[in-house]
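A.B. asks: Encoded as structure tokens, here's the structure I'll be asking about.
The values are calculated or read from the model by the stated rules, or taken from the named source; none is laboratory data. Because the structure is predicted, anything quoted here is derived from the model rather than measured. Backbone-built Cβ (ideal geometry, glycine too); neighbour counts: all protein chains shown. Calculation scope for accessible area: heavy atoms of the full protein, side chains included, ligands and nucleic acids excluded. Shrake-Rupley method; radii C 1.70, N 1.55, O 1.52, S 1.80 Å.
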Amino acid sequence: MRRRAPSPPSPLPQRDGVDPVRVRLPAGDAWATVRDHLVARLAAGPGVIDGMLDAGLIVDVSGRPVPRDMEYRPGMFVWFHRDLPAEERVPFEVNVLYRDEHVVVADKPHFLATTPRGSHVAETALARLRRRLGVPTLTAAHRLDRLTAGVVLFTVRPEERGAYQSLFRDRRVAKEYEAVAPYDPGLTLPRTVRSRIVKERGVLTAREVEGEPNAISRIELLEHREGRARYRLTPCTGQTHQLRVHMNASGVPILGDPLYPVVTDPVAAGDFRRPLQLLARRLEFTDPVTGREHRFVSPRELRAWSSYDAWAQ
């Protein structure tokens, strides 16, 4: 099986810590020009692509502006900067727990996306760290949900990213989460939950279905008081929303969850109250490049446990 050649480096610099958009012209299409393909693919609105081409904002691999009449060539790459959406600043900091020439380990706050996606672009942990640390090559080795806080691993050198990503793919990372949820004295703990979880594109929630389990989580009770409990959650797999689904299925949905057990109305922009009470507390692994043993722990507190009234107001 022939490997696809690596993509060429971008001729455009990052902007606000965000990479330019790269478009590869696919084989099999019958467009006359690059312009025609971009108009059809990007659905940017009448005149937008023509305006960008006329302004020289779309470039080829050499950084030369693409003219309107450039012939369509399958396999060709073009780049441009997207217009960044208006984003509400997340008023919490990304804390750096560790940094060397290979990795950056950060403690991400609730509400901040890990990497650019959808309407969250410059207001992401990756973009913030690139700007702050001056490391444009920084990339994420894995992701946490935007609503989940905690420890995230980033890589410094593009050629080493695959080695760190393989740690997660091959389950060679010890991960431990913490959650605050209702206390159920009738729930037998510790317990290991095994189920099959599917997450369909365009659907907000994941769901459990019949079939071979693809999601395994261990749930332990750490302590409880006043009808609430603090739980240690250990995922053995990495399905989308796995811990949230398994806690909900166990009858103790995580406090502040806007999706489980029911989907709630979106909160207003700038409303950062009542964050999801889920924290990626610990990340532990053997560095595949240096051989060092790493153990990183978030010092964050879940407010529904430390100060419930302040969290619930």
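A.B. asks: Just flag the chymotrypsin sites (Phe, Trp or Tyr not before Pro) in segment 216-295 sitting in loop per DSSP whose Cβ has no more than 16 other Cβ atoms within 10 Å. Kindly include the intermediate steps, with their values, before the conclusion.
C.D. replies: Values: sites: TYR231, PHE272, PHE285; in loops: PHE272.
When the chymotrypsin sites (Phe, Trp or Tyr not before Pro) of segment 216-295 are filtered for loop state and at most 16 Cβ neighbours within 10 Å, PHE272 remain.
A.B. asks: Moving to a separate point now. Using a 7 Å offset from Cα along Cα-Cβ at GLU71, what residues in segment 32-56 end up with backbone N under 17 Å from the label point?
C.D. replies: Label zone hits: 32-37.
A.B. asks: Round to a whole angstrom and tell me the spacing of the C-alpha centers of segment 183-203 and segment 29-47.
C.D. replies: Distance between centres, Cα-based: 45 Å.
A.B. asks: Summarise the accessible area of the chain (1.4 Å probe, protein heavy atoms) by the percent that is carbon and sulfur.
C.D. replies: Accessible surface attributable to carbon and sulfur in the chain totals 48 percent.
A.B. asks: Based on alpha-carbon atoms only, what is the radius of gyration of segment 73-197 relative to the globular estimate 2.2 N^0.38 Å? Can you show the working numbers first?
C.D. replies: Details: Rg = 17.9 Å, N = 125, 2.2 N^0.38 = 13.8 Å.
With N residues counted in segment 73-197, Rg over 2.2 N^0.38 Å equals 1.30.
A.B. asks: Rounded to the nearest 0.05, what FRET efficiency do GLU284 and PHE92 have when you use their Cβ-Cβ distance and R0 = 35 Å? Please list the in-between numbers first.
C.D. replies: Details: r = 25 Å, r/R0 = 0.70.
Efficiency computed from Cβ-Cβ geometry: 0.90.
A.B. asks: Using the heavy atoms of the protein chains alone and a 1.4 angstrom probe, what is the accessible area of the chain per residue in square angstrom?
C.D. replies: With the other protein chains kept in place, the chain gives 54 Å² per residue.
A.B. asks: Still on this model: Could you calculate the FRET efficiency of ASP271 with GLU226 from 1/(1 + (r/R0)^6), where r is the beta carbon distance between them and R0 is 25 Å, rounded to 0.05? Write down the numbers at each step before the final one.
C.D. replies: Working: r = 25 Å, r/R0 = 1.01.
Taking R0 as 25 Å, the efficiency between ASP271 and GLU226 is 0.50.
A.B. asks: Still on this structure: Just grab the label-to-label distance for GLU293 and GLU200, each label 7 Å out from Cα along the Cβ direction, in nm (one decimal).
C.D. replies: 4.7 nm
A.B. asks: Please compute the modelled spin-label separation between GLU159 and ARG191, points set 7 Å along Cα→Cβ, answer in nm with one decimal.
C.D. replies: 5.0 nm
A.B. asks: Gaussian network model of the chain, Cα springs within a sub-10 Å range: biggest mean-square fluctuation belongs to which of HIS241, HIS37, HIS224?
C.D. replies: HIS37
A.B. asks: Return the tail of the calculated pair distribution for segment 50-90, meaning the percent of Cα-Cα pairs more than 13 Å apart.
C.D. replies: 60 percent
A.B. asks: For the chain, what is the mean residue ellipticity at 222 nm derived from helices alone (per DSSP H run of n ≥ 4: -39500 (n - 2.57); sum divided by total residues; nearest 500 deg cm²/dmol)?
C.D. replies: Details: 7 runs with 51 residues, N = 313.
Computed mean residue ellipticity for the chain: -4000 deg cm²/dmol.
A.B. asks: Just the Kirkwood number for the chain, please: inverse of mean 1/r across all distinct Cα pairs, in Å, one decimal.
C.D. replies: On the way: mean 1/r = 0.0455 Å⁻¹.
Taking the inverse mean of 1/r over all distinct Cα pairs, the chain comes out at 22.0 Å.
A.B. asks: Related question: Can you tell me which of PRO182, PRO253, PRO109 moves the most in a GNM of the chain? Springs connect C-alpha atoms under 10 Å apart.
C.D. replies: It is PRO182.
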